[in-house]
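Note sheet for the following structure.
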Amino acid sequence: MQASLQSLTGSTLDENIIDSAWKQVDFTADPLPSTLVSSAQHAVDVGLLDQARDRRRGRAARRPRTTSTLVNKVLTKAGRPEVKQ
């Protein structure tokens, strides 16, 4: 973590801060649809996603859609419980 911070920002953090932060991180395979939509919209706003493609095809731009279908296929194959939509 420190090496990544150093390469990205030119500085590091106190080890106690990093240790405390990692204790608060919870990795999950269960996406929160509302946060995915918000993240996608932020990406459109800053130019990382091109929502205008639909306009060029003659369709109105729409909010990004999310689904747990693909995630659940992977989880089922791995023998893990599915996530809720």
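Among the residues in the range 3-19, are any of a type in the set (A, V, I, L, M, F, W, C), modelled with pLDDT of 80 or more and under 24 Å from LEU75 (Cα atoms)? Outline the logic, then answer.
Start the filter on the range 3-19 by keeping residues that are of a type in the set (A, V, I, L, M, F, W, C), which leaves 3, 5, 8, 13, 17-18.
Add one more test, that the residue is modelled with pLDDT of 80 or more, and what stays is 3, 5, 8, 13, 17-18.
Cutting the leftovers down to under 24 Å from LEU75 (Cα atoms) gives us none.
No: zero hits.
Hey, can you tell me all the residues within the range 33-49 that are open to solvent by less than 70 Å² (accessible area, probe 1.4 Å), over 24 Å from VAL83 (Cα atoms) and hydrophobic (A, V, I, L, M, F, W, C)?
ALA43, VAL44
The values are calculated or read from the model by the stated rules, or taken from the named source; none is laboratory data. Since this is a predicted model, take the numbers as computed values, not measurements. Just the protein is used for accessible areas: all its heavy atoms, side chains included, with ligands, DNA and RNA removed. Shrake-Rupley method; radii C 1.70, N 1.55, O 1.52, S 1.80 Å.
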